[in-house]
There are 2 protein chains.
Amino acid sequence: MNKASGAMSYDELRGAIAQRHRALSGRLQQIAEFVLDHPTDVALGTVAEVAQRSGVPPSAIVRFAHALGFGGFTEMQQVFRTRLVAGVAPSYKARLARMKSEEKSVLGRQPAAVLSRFVSEAQSSLVTLSQSVHARELDAATAILAKARDIYLLGLGGSFPVATHLAYVLRKLGRRVVLLDGTGGSIHEQSHAATVDDALVAISFRNYYPDTARLFPELVARGVPAISITDSLLSPIVEGARVVFEIQDMPEPALRTLVAPMCLVQAMAIGLDLAAD
Amino acid sequence: MNKASGAMSYDELRGAIAQRHRALSGRLQQIAEFVLDHPTDVALGTVAEVAQRSGVPPSAIVRFAHALGFGGFTEMQQVFRTRLVAGVAPSYKARLARMKSEEKSVLGRQPAAVLSRFVSEAQSSLVTLSQSVHARELDAATAILAKARDIYLLGLGGSFPVATHLAYVLRKLGRRVVLLDGTGGSIHEQSHAATVDDALVAISFRNYYPDTARLFPELVARGVPAISITDSLLSPIVEGARVVFEIQDMPEPALRTLVAPMCLVQAMAIGLDLAAD
DNA sequence: ATGCGATTAGAATATTCATTCCATTTATGT
DNA sequence: ACATAAATGGAATGAATATTCTAATCGCAT
């Protein structure tokens, strides 16, 4: 019971186990070998399960945790669980909390620190993007766009920059684009000519812009093939869409760099152009 | 209770939740949104924890699981746990296989390859950004913006998305913003009210949009403090600018993801807000 | 061999947890 | 406006779980 185990990472724990392996008694050595070989079982199982799989009585498992300086099995299990959560996409909640805490410090308030924060934020959102977008979806999306006569773009509020960017690139590539921006009237009027021979790319993140949520179902009902870029399967532009790109983003709208969706629409546009040859 | 839930994958479950979301009652919808946004919490937490974090009573969580066809929370949780183990298991063999498949797709022009190409482009442009932007410039920029009564944004053509994004964030933070977009007349008229007490953020990349090149010197001549974001010191918006951010980008306009300038303007806006407190 | 300390296994226990039940509230149709 | 059904929240319940305790066993030096 000589090791402070409070804030221990999984790798540190592995090292600690390996280090004192030979100093442990027979049963405890057996358990040490098992937990190093089956960290997932330890992370997700109960004491009884781990005990059975490693062939020892439950109490031995608890003694093992004690020998490592933990208050009990549950405490040790927490460390093994960090390994699991580290494997999946970094949680935005944690990152947001980190941002908030850094904002408090004087150093974090300096513009240079703010920039490096957004840069690293953008980096990880790009990693997440390439992991979460599948080739099948991209192929389907470009197929829809390739068949479209006119391409309608719907992205208002915070998503407007993405829509304008996609509009710019598509027009550069010679596509006919209608950007639904609501200038000079309602977006309903702008989208009135959309038919089943056209296509719609809708972009919307929380909180979903009301006009987007209203117009999207109308166009879908008219048979316009739709591609949606959003942050949740529950967003109003998911139902009826032929293709849905779900992109994780920051919960706070003002903190979104839009890096991931910008890259995605770019890839869609260029991929469309290359496939057309 | 009409869905066989025994051998269900995480993605299938997500789809099922999204599909019957609107058919659920209020509380259950609230839970649906939470579990889609916080799958890790569901995978690792207890009923009480999930209930507290999602702001519902524990019994509602169990009812939610029942509504999805599971025998109880524990049964549903198993599906969420598969997501965690799937994320960590692919060690070397799977990762190698993934790399191989990516290489293969690079050979073709498949959209997925295009995306990964843009992602890596964006990654490196972010690295370059954090290296090339210095704290002194950022400080100077935020100082100018802090003193400004109205902030005029000038970014046309391919830079328009950056300008709209900056406009969105600044307005969210309560700043007075004039976006020079030329709708309903000339940008000259829109910028007519700009004085020495205001500020101008100009964004322009090759080939420099003619209107930008024309308007920028006029505003500078009128004494409006200017911040420029561009790709060359020879660009038309460098001379007369108080601060210049030079950002390397792709030579071909259609291939720019705008990732770096998006991050930069975001950092400027948030940095301004934090410094103002 | 024998006594002593360390180690172990299994039962006992106390706690945590998921689930169910029921009274109350809220929505819905007549 | 009323009656009926659905939904909800909170307490009660019973199961599952981690942990502790104790008697038995093992290893080891004398």
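Worth a mention:
- Condition check for residue A:79: at pLDDT 85 or above, farther than 29 Å from residue B:268 by Cβ, assigned to a helix (DSSP H, G or I) and outside the structural domain of residue A:199 (by TED's automatic domain parsing): yes
- Residues satisfying the stated conditions in segment A:34-70, i.e. part of a loop (DSSP other than H, G, I, E, B) and without any contact (Cβ under 8 Å) to a residue 24 or more places away in the chain: A:38, A:45, A:46, A:57
- Candidate set: segment B:165-189, residues that are under 22 Å from residue A:258 (Cβ atoms) and of a type in the set (Gly, Ala, Ser); chosen: the one least open to solvent (accessible area, probe 1.4 Å): B:167
- Unmet criterion (only one of (1) at the interface with chain B (Cβ under 9 Å from one of its Cβ atoms); (2) open to solvent by less than 10 Å² (accessible area, probe 1.4 Å)) for residue A:270: (2)
- Considering A:52, A:30, A:19, the condition of being away from chain B (no Cβ under 14 Å), under 37 Å from the mean Cα position of the chain (by Cα) and within 16 Å of DNA strand C (Cβ to nearest atom) is satisfied by A:52 alone.
- Residue B:43 vs. criteria surrounded by 19 or more Cβ atoms within 10 Å (Cβ to Cβ), over 23 Å from residue A:86 (Cα atoms) and more than 10 Å from DNA strand C (Cβ to nearest atom): no
- Filtering segment B:246-261 to residues that are of a type in the set (A, V, I, L, M, F, W, C) and either surrounded by fewer than 24 Cβ atoms within 10 Å (Cβ to Cβ) or part of a loop (DSSP other than H, G, I, E, B) (or both) leaves B:247, B:250, B:254, B:255, B:258.
This table checks each residue for (1) assigned to a strand (DSSP E or B); (2) within 14 Å of another protein chain (Cβ to nearest Cβ); (3) modelled with pLDDT under 95; (4) more than 28 Å from the chain's Cα centre (by Cα).
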{"site": "A:138", "(1), (2), (3), (4)": "no, yes, yes, no"}
{"site": "A:141", "(1), (2), (3), (4)": "no, yes, no, no"}
{"site": "A:160", "(1), (2), (3), (4)": "no, yes, no, no"}
{"site": "A:179", "(1), (2), (3), (4)": "yes, yes, no, no"}
{"site": "A:200", "(1), (2), (3), (4)": "yes, no, no, no"}
{"site": "A:214", "(1), (2), (3), (4)": "no, no, yes, no"}
{"site": "A:223", "(1), (2), (3), (4)": "no, no, no, yes"}
{"site": "A:229", "(1), (2), (3), (4)": "yes, yes, no, no"}
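- Residues satisfying the stated conditions in segment B:194-217, i.e. over 26 Å from residue A:168 (Cα atoms), of a type in the set (Asp, Glu) and surrounded by 14 or more Cβ atoms within 10 Å (Cβ to Cβ): B:198
The values are calculated or read from the model by the stated rules, or taken from the named source; none is laboratory data. Here the structure is a predicted model, which means the values were calculated and not measured. With ideal geometry, Cβ positions are generated from the backbone for all residues, glycine too; neighbour counts draw on all protein chains shown. Note: areas computed on protein heavy atoms with side chains; ligands, DNA, RNA excluded. Shrake-Rupley method; radii C 1.70, N 1.55, O 1.52, S 1.80 Å.
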